[in-house]
Amino acid sequence: MKKKVMSMFTDPNHLRVEDPGSLEGNTVFTYLDAFCREEHFERYLPDYADLDELKAHYQRGGLGDVKVKKFLNNVLQEELEPIRSRRKELQKDIPYIYEVLKKGSQEAERVAAETLDGVRNAMKINYFADEKLIQEQSEKFKG
């Protein structure tokens, strides 16, 4: 995760820390908008009160991409921790996982079949179950 975050696209014009940075199209800030919460600042970046303050500093210059990326990495690592923990628990019972997947697949197949039947009926192309159609075709081709 860290390697991916540290190689994220930011602002191609933000070459030096002193340069003003742009938030538009900046992937790091897009992820921070999605996952960052105020309590993350207390833990990982106490120099800032919130994301708006961090953004303002980045836009006026004086804040480097590496610092922002390290902060994002901490935010994402924290966000993923419960998922990783749950995965570790689940991987202890692989047969259970396969059973869940099997049941889910069966249910998806059932729903898909119902949907397809509904579409066939609505379009009047339910050839094999449409007795009226079969009778009409029989009459039509009697020779």
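The values are calculated or read from the model by the stated rules, or taken from the named source; none is laboratory data. Bear in mind that the values here come from a model prediction, so they are computed numbers and not experimental data. Quick reminder, even Gly has a Cβ in these numbers, built from the backbone with ideal geometry, and neighbours come from all protein chains shown. Keep in mind that these areas ignore ligands, DNA and RNA; they rest on the heavy atoms of the full protein, side chains included. Shrake-Rupley method; radii C 1.70, N 1.55, O 1.52, S 1.80 Å.
Does region 54-69 contain any residue that is among the β-branched types (V, I, T) and surrounded by 10 or more Cβ atoms within 10 Å (Cβ to Cβ)?
Of all residues in region 54-69, those among the β-branched types (V, I, T) come to 66, 68.
Cutting the leftovers down to surrounded by 10 or more Cβ atoms within 10 Å (Cβ to Cβ) gives us 66, 68.
Yes: one or more hits.
Only one of N126, N73 is polar (S, T, N, Q), in contact with a helix residue (DSSP H, G or I) (Cβ under 6 Å, 6 or more places away or on another chain) and closer than 30 Å to Y44 by Cα; which?
Working: N126 fails: closer than 30 Å to Y44 by Cα.
None of the others qualify; the one that does is N73.
Taking only region 13-27 into account, find how many residues are touching an Asp or Glu at 6+ places or on another chain (Cβ under 7 Å) and either among the charged types (D, E, K, R) or within 16 Å of L72 (Cβ to Cβ) (or both).
Counting residues in region 13-27 that are touching an Asp or Glu at 6+ places or on another chain (Cβ under 7 Å) and either among the charged types (D, E, K, R) or within 16 Å of L72 (Cβ to Cβ) (or both) gives 3.
Would you check if there is a residue in region 97-118 being open to solvent by 100 Å² or more (accessible area, probe 1.4 Å) and under 30 Å from M6 (Cβ atoms)?
no
Can we say D117 is touching a His at 6+ places or on another chain (Cβ under 7 Å) and among the acidic types (D, E)?
No: the conditions fail for D117.
What number goes with the only condition from (1) at pLDDT below 95; (2) among the β-branched types (V, I, T); (3) within 30 Å of the chain's Cα centre (by Cα) that I125 does not pass?
Failed condition: (3).
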